[in-house]
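The values are calculated or read from the model by the stated rules, or taken from the named source; none is laboratory data. None of the values given here were measured: they were computed from a predicted structure. Cβ: placed from backbone, ideal geometry, glycine included. Neighbour counts: every protein chain shown. The accessibility values were calculated without ligands, DNA or RNA, using every heavy atom of the protein model including side chains. Shrake-Rupley method; radii C 1.70, N 1.55, O 1.52, S 1.80 Å.
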Amino acid sequence: MILNSAELPISESFTKPTWDEVRRIYRRIGVLRATGRNEEAADLEHGELPRVLTAARIQSSAPDQEEAAVFAEEAERLANATVTAEILASLLAERLRLPAVEPRAENPRPAATAATPRANEFPPAPPRPVPATSPTITDLLDGMLSQETAAARTKPRP
Amino acid sequence: MSTTSVDKPLPAAAVPANAPNVTVSRPASTPASTPTKTKTVLVGFDFGTNKSCVLAGPPAGHDISVSKVIPTVVGYVKDGIVDGIVAGNRSILFGDDALQNMLHVRLEQPMTHGIISHPEAARDFLKHIRSLADPTGTAEIRAVVGVPANATEQVREDIRRTAFGIFDRILLIPEPFLAALGYRDDSRLGQANYIDPVVNSLFVDIGGGTSDLCLVQGYFPVADDQISLPFAGDAIDELLQDDLNRIYPNNGLSRHKVRELKETHGYVGPSRSPVEVKVVIGGKAHTLELGNALARACNALIDRIYPALTTLIQRASSDSVVTLLQNIIITGGGSQLKGIDTLLQKKLVEDGYESPKVKIAGQDYKRYVAIGALKAARAARDNQWQVLLG
């Protein structure tokens, strides 16, 4: 049997992100900073990173320890990667008889290393007008059903 | 897709636990009742992991014909029990009856962490709920059932499948939202000094299997307005029992007894040691010091809930957040942990939130979800109900 109009909106936005996602975004921030794309790095750092970090912390049994471990490990990986890149760049430049690339003065680590985002740092919420009058339950149910319908339409067919 | 309708209910055996998805449809505008079902009974049902609440009544008016809180447990009477030991020689017992006869029954919990984990027991439990709401067995039953916030489609489908042939029409609505509807004082709507919780509030519903948080801001909450954590009363019981087993090896305390101790003495915040409790173990009275163990176990809940709470506060619009902070309401069994409102409020103040007020919903904390569910059932139009089809 096939499910039809009962297909409901299911957001896994809060449960899906894991520490792996935190690592991925952290590394991305590091790469962006290392390549001078500071604005994009800042966007990620103040937007996506706090969101997934909070989600991961909530799912964790020891959030503080796990967070500290993840950031320490990723910071080390980024530092190692930066050193490797500098060595490789020098070797390649010498081999290609090009001027060696100067090591970047800027610390490639994302600022999150120094100031780890906490659970209360989140992207600004989209404005949601709160109605001045009390809504009827029937109207609220209509809202629920329209969400279900929208979710059913967007759900890919097997 | 079959066209079988619930208007011809199938026996339980016709719907095996591994049955495929139950098809639901919404009638265009007219009811799909069979001629044999001459009356309709509305049911508001909070299908809790440890405790369930059912309210039932007619579609019109405000009368409530059934209002019960029932431990969510089914007891299957063991083979070989002598006649007369179990009242009425019943083969299946429910709730308190099952617990009182635990020596003679195999106890099954239909739910774990807010989801159906034992389909057969869940079906039997729902049949019992139906029999309470409609002892004649002839009415059309329309039930609004609470589900955890952001319940997955699978969780919802499991409930529909379980309810198939028992309820005729169904609506599944997130529990914290129903709690807000239940908590709303309809007689005060429109009063200048009354903040309608449905217009702007943050509900924290701490149950046995899940803690559910929901921004309720005058529209039906979207997924980002809700957070469900698989950490609630049961998880506290487990932590407490582990700790007690470590401190007092071979203490012989059952999980049921540990839960009872938590419900009587549980608190959050700084240690209130000593909390000395007399228990009978192996027939002898012992005094256990629970203060630190209770603090460790119960504070673990705060560690989980607080980040989720601030997450939802941050997601509220800047226009609404000041009023929202005045209307943070805790309900469910977890609301009875001593000091939970003051501790959460203190943490918010310390983190710089503007004049937050965290309130306990009150003595009806076990019933708000079901009250809201019955209100929703009474407000739902015919074409808003889902009809379960085989």
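Can you give me the number of residues within the range B:204-220 that are out of contact with any strand residue (DSSP E or B) (no Cβ under 8 Å at 6 or more places or on another chain) and not in a loop (DSSP other than H, G, I, E, B)?
Here the count works out to 0.
Any residue at all in the range B:171-189 that's out of contact with any strand residue (DSSP E or B) (no Cβ under 7 Å at 6 or more places or on another chain), closer than 21 Å to B:T49 by Cβ and more than 10 Å from chain A (Cβ to nearest Cβ)?
yes
Within the range B:261-271, does at least one residue satisfy the condition of being within 14 Å of chain A (Cβ to nearest Cβ) and open to solvent by less than 10 Å² (accessible area, probe 1.4 Å)? Lay out the reasoning, then the answer.
Step one: of the range B:261-271, the residues within 14 Å of chain A (Cβ to nearest Cβ) are none.
No, every residue in the range B:261-271 fails to be within 14 Å of chain A (Cβ to nearest Cβ) and open to solvent by less than 10 Å² (accessible area, probe 1.4 Å).
Looking at the range B:272-313, which of its residues are within 14 Å of chain A (Cβ to nearest Cβ) and free of Cβ contacts under 8 Å to residues at least 24 places away in the same chain? Before you say what the answer is, go through the steps one by one.
As a first pass, look at the range B:272-313 and keep what is within 14 Å of chain A (Cβ to nearest Cβ): B:296-297, B:299-313.
Answer for the range B:272-313, where residues must be within 14 Å of chain A (Cβ to nearest Cβ) and free of Cβ contacts under 8 Å to residues at least 24 places away in the same chain: B:D303, B:P307.
Restricting attention to the range B:357-381, and to residues there that are over 13 Å from B:S67 (Cα atoms) and surrounded by fewer than 20 Cβ atoms within 10 Å (Cβ to Cβ), which single residue is nearest to the other protein chains (Cβ to nearest Cβ)?
Per the stated criteria, the residue is B:A379.
Please go through (1) touching a Gly at 6+ places or on another chain (Cβ under 8 Å); (2) surrounded by fewer than 24 Cβ atoms within 10 Å (Cβ to Cβ) for B:I195 and return the number of the only condition it doesn't satisfy.
(1)
List the pairs whose first member sits in the range B:98-113 and is part of a strand (DSSP E or B) and of a type in the set (D, E, K, R), whose second member is at pLDDT 95 or above and open to solvent by 50 Å² or more (accessible area, probe 1.4 Å), and whose Cβ atoms are under 9 Å apart, counting only residues at least 6 apart or on separate chains?
The qualifying pairs are B:E108/B:E120.
Criterion first (within 11 Å of chain A (Cβ to nearest Cβ), buried (at least 23 other Cβ atoms within 10 Å of the Cβ) and not basic (K, R)) does B:L213 satisfy it?
Values: within 11 Å of chain A (Cβ to nearest Cβ): yes; buried (at least 23 other Cβ atoms within 10 Å of the Cβ): yes; not basic (K, R): yes.
So B:L213 fits the description; yes.
Among (1) within 13 Å of chain A (Cβ to nearest Cβ); (2) within 30 Å of B:R142 (Cα to Cα); (3) outside any helix (DSSP H, G or I); (4) not small (G, A, S), there is one condition B:Y353 misses while meeting the rest; what is its number?
(2)
Give the number of residues within the range B:138-152 that are open to solvent by 20 Å² or more (accessible area, probe 1.4 Å) and within 9 Å of another protein chain (Cβ to nearest Cβ).
Residues meeting the conditions: 2.
With (1) more than 21 Å from B:G269 (Cβ to Cβ); (2) β-branched (V, I, T); (3) open to solvent by 50 Å² or more (accessible area, probe 1.4 Å); (4) free of Cβ contacts under 8 Å to residues at least 40 places away in the same chain as the list, and B:V321 as the residue in question, which single condition is left unmet?
Only one criterion is unmet by B:V321, namely (3).
Checking B:E120 against (1) modelled with pLDDT of 90 or more; (2) in contact with a strand residue (DSSP E or B) (Cβ under 7 Å, 6 or more places away or on another chain); (3) surrounded by fewer than 22 Cβ atoms within 10 Å (Cβ to Cβ), only one condition comes out false. Which one?
(2)
Being more than 24 Å from B:A300 (Cα to Cα), in a helix (DSSP H, G or I), modelled with pLDDT under 80 and open to solvent by 80 Å² or more (accessible area, probe 1.4 Å) narrows it down to one of A:R97, A:R77, A:R24, so name that one.
Values: A:R97 fails: in a helix (DSSP H, G or I); A:R24 fails: modelled with pLDDT under 80.
That would be A:R77, the only listed residue that is more than 24 Å from B:A300 (Cα to Cα), in a helix (DSSP H, G or I), modelled with pLDDT under 80 and open to solvent by 80 Å² or more (accessible area, probe 1.4 Å).
Just checking, which of B:T49, B:T72, B:T40 is surrounded by 14 or more Cβ atoms within 10 Å (Cβ to Cβ) and touching a His at 6+ places or on another chain (Cβ under 7 Å)?
After ruling out the rest, the residue left standing is B:T49.
Enumerate the pairs (first residue in the range B:219-230 and facing chain A (nearest Cβ under 7 Å); second residue anywhere and part of a loop (DSSP other than H, G, I, E, B)) with beta-carbon separation below 6 Å, excluding pairs fewer than 6 apart on the same chain, so at least 6 apart or on different chains.
B:A223/A:P9; B:A223/A:S11; B:A223/B:N150; B:I227/A:F14
Go through the range A:47-65 residue by residue and tally those that are assigned to a helix (DSSP H, G or I), surrounded by fewer than 18 Cβ atoms within 10 Å (Cβ to Cβ) and more than 10 Å from chain B (Cβ to nearest Cβ). Reasoning before the result, please.
Keep residues of the range A:47-65 that are assigned to a helix (DSSP H, G or I), which gives A:48-59, A:63-65.
Next cut, surrounded by fewer than 18 Cβ atoms within 10 Å (Cβ to Cβ) only: A:64-65.
The next check asks that each one be more than 10 Å from chain B (Cβ to nearest Cβ); those that pass are A:65.
Final tally of qualifying residues: 1.
Quick one: B:A316 ticks every box in (1) surrounded by 20 or more Cβ atoms within 10 Å (Cβ to Cβ); (2) more than 9 Å from every other protein chain (Cβ to nearest Cβ); (3) farther than 26 Å from B:V268 by Cα bar one, so which box is it?
Among (1) surrounded by 20 or more Cβ atoms within 10 Å (Cβ to Cβ); (2) more than 9 Å from every other protein chain (Cβ to nearest Cβ); (3) farther than 26 Å from B:V268 by Cα, B:A316 violates only (2).
Going through B:V105, B:V155 one at a time, which residue ends up being within 14 Å of chain A (Cβ to nearest Cβ) and at pLDDT below 95?
On the way: B:V105 fails: within 14 Å of chain A (Cβ to nearest Cβ).
Step by step, each of B:V105, B:V155 is checked, and only B:V155 is within 14 Å of chain A (Cβ to nearest Cβ) and at pLDDT below 95.
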